[in-house]
Amino acid sequence: MLFNQKLKRKELVNIMQTFYKKYQIENDKKKKKHLISNLLLNIEKKLNNKSFKIDERFFTYCRRDFLRKEFTDKLNKQNIQMNNDYLIDAYFNLYDYVSNDTWISLSSIPNGISAQEVIEKDNDYKKSGVICLQEKEILLEMIQELKQAL
């Protein structure tokens, strides 16, 4: 049964790269919004049709927190008025999150937690190539924000 399979990060990255190729050649703003809407539906479908587990190696310190915050800031109503490309700008933050373009700095790790252990676990998580339950929930939140901005 497909539902019992883990979601490999590469599957979402491929969906997002295919979307962006189509988006780049499209000139009509309504069609671009439609492409974004379809992208979000495709990602949601993948996220909802796979199984996920909590993974203690997943951390939101540093780059992940930054991407999440910046994503929300780009969809802020005031920013929308100043930036016509706010949707694609937010897409890039989502893409970076999905593609695991992240890093952890020592200063972002809370006191009392082993920095070396966090960095090693984060690297192991990245190498696994599988999206965990915590990340799935964050991605679904980001998708809902982007849908609301459409």
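Every number here is computed from the coordinates shown, using simple stated rules; none is lab data. Source: prediction; values computed, not measured. Every residue, glycine as well, gets a Cβ built from its backbone with ideal geometry; the counts of neighbours run over all protein chains shown.
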Return the Rg/Rh value of the chain, two decimal places, where both radii are evaluated on C-alpha atoms and Rh is the Kirkwood radius.
0.99
Taking amide H positions as placed 1.01 Å from N in the peptide plane, with prolines and chain starts having none, which residues 5 or more places from Lys6, or on another chain, fall under 5 Å of its amide H?
Ser51
Under Karplus coefficients 6.51, -1.76 and 1.60, residue-wise ³J(HN,Hα) of the range 60-65 in Hz, glycine/proline x:
9, 4, 6, 4, 4, 4
Interchain or sequence-distant (5+) residues whose placed amide H lies within less than 5 Å of the amide H of Val130 are Arg9
What is the chain's relative contact order, in percent, from Cα pairs under 8 angstrom and six or more apart in sequence?
37 percent
Which loop-located trypsin sites (Lys or Arg not before Pro) does the range 31-132 contain, where loop means any DSSP state but H, G, I, E or B and the Cβ has at most 13 other Cβ atoms within 10 Å?
Lys53
Please list 3J(HN,Hα) in residue order for the range 46-56, calculated via the Karplus relation 6.51 cos²θ - 1.76 cosθ + 1.60 where θ = phi - 60°; whole Hz, with x for glycine and proline.
4, 5, 8, 10, 10, 9, 9, 10, 5, 10, 5
For every helix of n ≥ 4 consecutive DSSP H residues, a contribution of -39,500 (n - 2.57) applies; sum these over the chain, divide by its total residues, and give [θ] at 222 nm rounded to the nearest 500 deg cm²/dmol.
-21500 deg cm²/dmol
